[in-house]
Structures are given as structure tokens and as C-alpha cells.
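Below is one structure, written out as C-alpha cells, with a few remarks after it.
The values are calculated or read from the model by the stated rules, or taken from the named source; none is laboratory data. Not measured: the values here are computed from a predicted model. Virtual Cβ from ideal backbone geometry, glycine too; neighbours counted across all protein chains shown. These area figures cover heavy atoms from the full protein model, side chains too; ligands, DNA and RNA do not enter into them. Shrake-Rupley method; radii C 1.70, N 1.55, O 1.52, S 1.80 Å.
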Amino acid sequence: MTIKDIARLSGCGVATVSRVLNNRADVSEEMRRKVMAVVEEYGFMPNTNAKHLKQLADSSIAIIVKGTNNLLFADLLEKIQTLLREADQDAAVYYLDEDADEVVYALRLCRERRPRGFLFLGGDLELFQAGFASITVPGVLLTNSAEELGFHNLSSFTTDDEQAAEQVIDLLVDLGHRNIGVLGGNSSSSQVSYRRLMGCKAACERLHIPLDLEQQCEQCRYSMPDAYAAAKRLLLRRPDLTAVFALSDVMALGAIRAFCDMGKRVPEDISVVGYDGIITGQYSLPRLTTIKQDTRRLAEQGVDSLLRGFMRSGHPVHEVVPFTLISGESVAKIR
């Protein structure tokens, strides 16, 4: 069977059939029903597979993961998929570069795949502000807060990044550190790394500790290779640093390797603190001191909120999930 056969049997034009098969919005429901009746009766599958048929139905939940090297998201994704399976919900996972526009991609999926809803793992609030209004299905943003955006179909669950960063600085200062560096992230105010950076700044001001953002901070992507290179640049610029707060555990592990290759011992010569609480950090040498995000609770809250959104019950939910400061072996007291 060809597209022309479907047109003949359905009484629709070839162009109309093509628009239906490609899930275009500019087709009336009556025409769509006629075409789909023929497709289902004859079991038509373009390109010898069910790709387009899968696109036609109100399909699975779309999980959009921002970044390909974020081990926190890997942990979070595993828990989300388990919860969705238990709820008999299908999900498709889409990985984007951490600098990509996740909202534009979601809009594309709305046109091509018609997902029932979205789970965003990570996200830039500026991008949501600019484009999310065009998305009509329920959405949940994890690890960033969308409360101020005010969308009726977007909930969010996150950690208090600013408070957590303040606790890291408090810990380091209690141990005698005064020259502290910050590694990683993006300084845009719509990113979670900005809130962590602002937490560092607030704690340093409160404790009367200098923090020169240009000299003591080095931005990098959420990957070990990028953090490795950035940590070297930071320490070459500021060899007096006695501690570095990496804004993710992945960055912290890259930084530890960089410092070791520069002849520095961790924590004897320089202390390192991470953020996220990924399992890898608890098996590294030294074991990582870090802020542990509660991925189980984030996953449970996110999935529950999305499923409730399918039933159009209640208003969007925005919650802050508690964190824990985990003491490891990568931090030492100044002698």
C-alpha cells in the first residue's frame, strides 16, 4: 500500500494524507480520522517500520535531559523510568547538549510526536520564559525552579542551591580556609549554577572572606575533561588557593585529577568540595565531600506531579527538596 492508495480509500488528497502521516497540525480532525481509519484497517507502516504510526497517537512521556555528561541526571533518570514503569507509562528519552534550547526542542516534539507530557532534567529559565507558553501539555522541570514563570501547566522541584552553597563555604571557613576558588557553571541568572555562585558570594560577604569573581572563579561545562582544564587554569592564576568548591561532583572529580597532575595532594595541599552526591564520588580517592541532592524525592515528586497533570487536577506545584552535606575525605583543616 502507498500513500496514493490511502488517499483513494479515505477520499482525501495525497497532500492531506502526507500531513496526517507527518503529524502536522494543519489538518481537520475529520480528515485525520478518515486517514487513520484506513491506516489502521490496512496496517500501513511507512518505510517498513512503525515510526510514523507511533508518532500519530497521543504517545509517550518525553524526558528531555540537558547535558550528556551529567551523572546526577543519570541517577535521576533511572529512578524516573522505574517510577513510570510502575505506573504503566511509556517514556522516550532525548539528550541535548547543555547549551541547546530545550524548549524549542520540546515544541518540535509536540509537532512530530505529540507527547502526553514533558519531564525536563535541567533547564534554562530564560528559554522557558521565551517559549513554553506554546506548549499545552503538562510539564515538570527538575533541578531548577519555574515558580516565578507562572505557567499553569509547568511544575518544578529543585534543591535550595543558594543555601547549600553557603553551607559549603561555612564548612571551609570553619576549617580555616580563606582563599577559596569556585569551579564551573554558567553565570547567567537563569541557571542553577548562578544560584550556587550567589550562595558562595553571600557566605563570603557574611564571613568577611574575599571572593573576587573574576580571579577566584572559573567557568566550565559539566564534564570531567572541561573541569580538568578549568581547574588547571584556576590554580595557575591563583596558586594561593587552599580550597576549591566545584559546582558539580563531575567537575570536582576532574579538578582532583588536575590538581594531582600538578603535584598537589588532595586534601593535604588543597581541599575540594563537590555538589550533587553522585555515587561515583563516594568511591573516588579521596572520597568526595559534597552536597547530596535527594534524587529519589525529586523523581517521586516530579513523576507524581506529571501524572496528576494528566488528570487536570489542581494547580502547578513548586517545591524545594532538602539536601544533605556529606563529609568525605577531600577536605582538610588548614594547619
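Numerical summary
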item: Helices (runs of 4 or more DSSP H) (entirely within the range 165-253) containing at least 1 residues that are within 17 Å of Lys292 (Cα to Cα); result: 192-207
item: Residues (touching a residue at least 40 places away in the same chain (Cβ under 8 Å) and either open to solvent by 60 Å² or more (accessible area, probe 1.4 Å) or of a type in the set (Asp, Glu) (or both)) located in the range 250-278; result: Glu268, Asp276
item: Members of the range 225-243 that are more than 19 Å from Ser188 (Cβ to Cβ), surrounded by 22 or more Cβ atoms within 10 Å (Cβ to Cβ) and under 22 Å from the mean Cα position of the chain (by Cα); result: none
item: Filtered residues of the range 137-152 (kept if in contact with a Ser or Thr (Cβ under 8 Å, 6 or more places away or on another chain) and among the aliphatic types (A, V, I, L, M)); result: Val140, Leu141, Leu142, Ala146
item: Whichever residue in the range 35-67 is of a type in the set (Ser, Thr, Tyr) and surrounded by 14 or more Cβ atoms within 10 Å (Cβ to Cβ) and, among such residues, is modelled with the lowest pLDDT; result: Ser59
item: Among residues of the range 83-127, those that are more than 17 Å from the chain's Cα centre (by Cα) and touching a residue at least 12 places away in the same chain (Cβ under 8 Å), counted; result: 14
